[in-house]
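Below is one structure, written out as structure tokens, with a few remarks after it.
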Amino acid sequence: MTQDINPSRRAWLRGAAGAGAVTLAAPALIGPAIAAGEVEWRVQAVWPKASSSFEGSLGKLASMLEERTDGRFRWQLFGAGELAKGPEIFNIVSRGVAQAGTSSASYMADVSSVSAFAYGIPGTLQDFWQQSHLQKNLGIEAMMSAETEKHGVIYKAEKSYPTELILKNPISSVEDFSRLKLRASGALLDYLAAAGASPSFVPTSELYQALSTGVVDGAHYGAAVGAKTLSLWEVCKFHMKPALAFSSDAWIFNADAMEALPEDLRLHLTALLEERYYARTTEYQLLETLAIKDGIETQGVTVQQFPDDVLARMATASAQILAKEAERSEAAATAADRLSEFMSQLGIARA
């Protein structure tokens, strides 16, 4: 995971990342597969197979890729935990155990100083398109990939979506909030702790059990779509607004595998990554709307606003996290400046 990319091809990889870079097979398997005109990759998902994103994001892209390459490029898909759990997916892709994966920038803080910006700084942006603009047009995706490439991994945003909290019981004050044990990840661990709760990380594959047995009192796993598809509303009937953050899921690709692809397969893949990012982000807005409607009408879900005193603490925490993340590196300071300027353009107040 600490292997640096050969400097002679770093420029190509960075260019590929900006245009939609991807993965490939473990080095020992590359030659014979490509010589035969066929490539098959092992792809480890961060999502369980029950998640809508497993089929809607990963399955969809894999089937489109196979179709557009006339069957020459196939992906073998693995659900959450089959080869590795969330935080370990980066490691197996870096080593070539899997040639690609889906993940979250929140799991990559140890390899990228801008991971929090790629994931989404809590309490800053307020809509899907704003996160897309930050990632694609303001350069956060490219900055993230520039750092992961040092470990042999190319990073691409997969879609943008809201991250929202679900709770087993209603809350009416910061005192209620301070008694909560919450599942969280990345910068949201610090965010929820600063607001008074007690957050900890729980792997996706263990989340339902942790909620149903009282290990945690609530969680974020995406927003309404995540809660619905993983049946989390069965045990958590209170869905909190506003969103904690607008975030981005991620594709990660083994750089050696990507470089070894025949040019036409690589072009199909990079083009599909860009196409599916925008299509899936837009589609997800509709899916969120339909999911929360269904939750209210058929599952007894109550949408609740965070109390004002909790929101005040969250606003202070957001400003603190943004300042702290900006200090991690020169790249992180640049990311913070771009985010802050964008927020000013939008008229989003900072604490």
Filter region 177-202 for residues that are farther than 24 Å from S113 by Cβ and within 17 Å of the chain's Cα centre (by Cα); the one that is surrounded by the fewest Cβ atoms within 10 Å (Cβ to Cβ) is V202
Filter pass, L77 being in a strand (DSSP E or B), hydrophobic (A, V, I, L, M, F, W, C) and closer than 30 Å to D264 by Cβ: yes
Selection within region 50-74 - open to solvent by 20 Å² or more (accessible area, probe 1.4 Å), modelled with pLDDT of 95 or more and part of a loop (DSSP other than H, G, I, E, B): D70, R72
Within region 96-106, does at least one residue satisfy the condition of being part of a helix (DSSP H, G or I) and within 16 Å of R276 (Cα to Cα)? no
Members of region 314-349 found to be part of a loop (DSSP other than H, G, I, E, B), loosely packed, with under 14 Cβ neighbours inside 10 Å and of a type in the set (D, E, K, R), listed by number: E327
Qualifying positions in region 95-123 - surrounded by fewer than 24 Cβ atoms within 10 Å (Cβ to Cβ) and over 17 Å from A157 (Cα atoms): R95, G96, V97, D110
Go through T281, T302, T316, T334 for me and flag whichever is in contact with a Lys or Arg (Cβ under 7 Å, 6 or more places away or on another chain), under 22 Å from T124 (Cβ atoms) and touching a residue at least 24 places away in the same chain (Cβ under 8 Å). T281
With the requirement that a residue be surrounded by fewer than 24 Cβ atoms within 10 Å (Cβ to Cβ) and farther than 22 Å from L58 by Cβ, what does region 130-142 give you? Q130, H133, N137, L138, G139, A142
Considering only region 203-228, how many residues are touching a residue at least 60 places away in the same chain (Cβ under 8 Å) and open to solvent by less than 40 Å² (accessible area, probe 1.4 Å)? 8
Before we move on, is E164 out of contact with any Phe, Trp or Tyr (no Cβ under 6 Å at 6 or more places or on another chain), touching a residue at least 60 places away in the same chain (Cβ under 8 Å) and not small (G, A, S)? yes
Quick check on this structure: which one of L244, L311, L272, L265 is open to solvent by 40 Å² or more (accessible area, probe 1.4 Å) and either on the phi < 0 side of the Ramachandran plot or in contact with a Pro (Cβ under 9 Å, 6 or more places away or on another chain) (or both)? L311
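Under the condition of being touching a Phe, Trp or Tyr at 6+ places or on another chain (Cβ under 8 Å) and in a loop (DSSP other than H, G, I, E, B), which residue from region 167-176 is least open to solvent (accessible area, probe 1.4 Å)?
Keep residues of region 167-176 that are touching a Phe, Trp or Tyr at 6+ places or on another chain (Cβ under 8 Å), which gives 167-171.
If we keep only those that are in a loop (DSSP other than H, G, I, E, B) as well, we get 168-171.
Numbers: K168: 58, N169: 103, P170: 72, I171: 9 Å².
Of everything passing the filter in region 167-176, I171 is least open to solvent (accessible area, probe 1.4 Å).
The values are calculated or read from the model by the stated rules, or taken from the named source; none is laboratory data. Because the structure is predicted, anything quoted here is derived from the model rather than measured. As a convention, Cβ positions derive from the backbone with ideal geometry for all residues, glycine included, and neighbour counts pool all protein chains shown. These area figures cover heavy atoms from the full protein model, side chains too; ligands, DNA and RNA do not enter into them. Shrake-Rupley method; radii C 1.70, N 1.55, O 1.52, S 1.80 Å.
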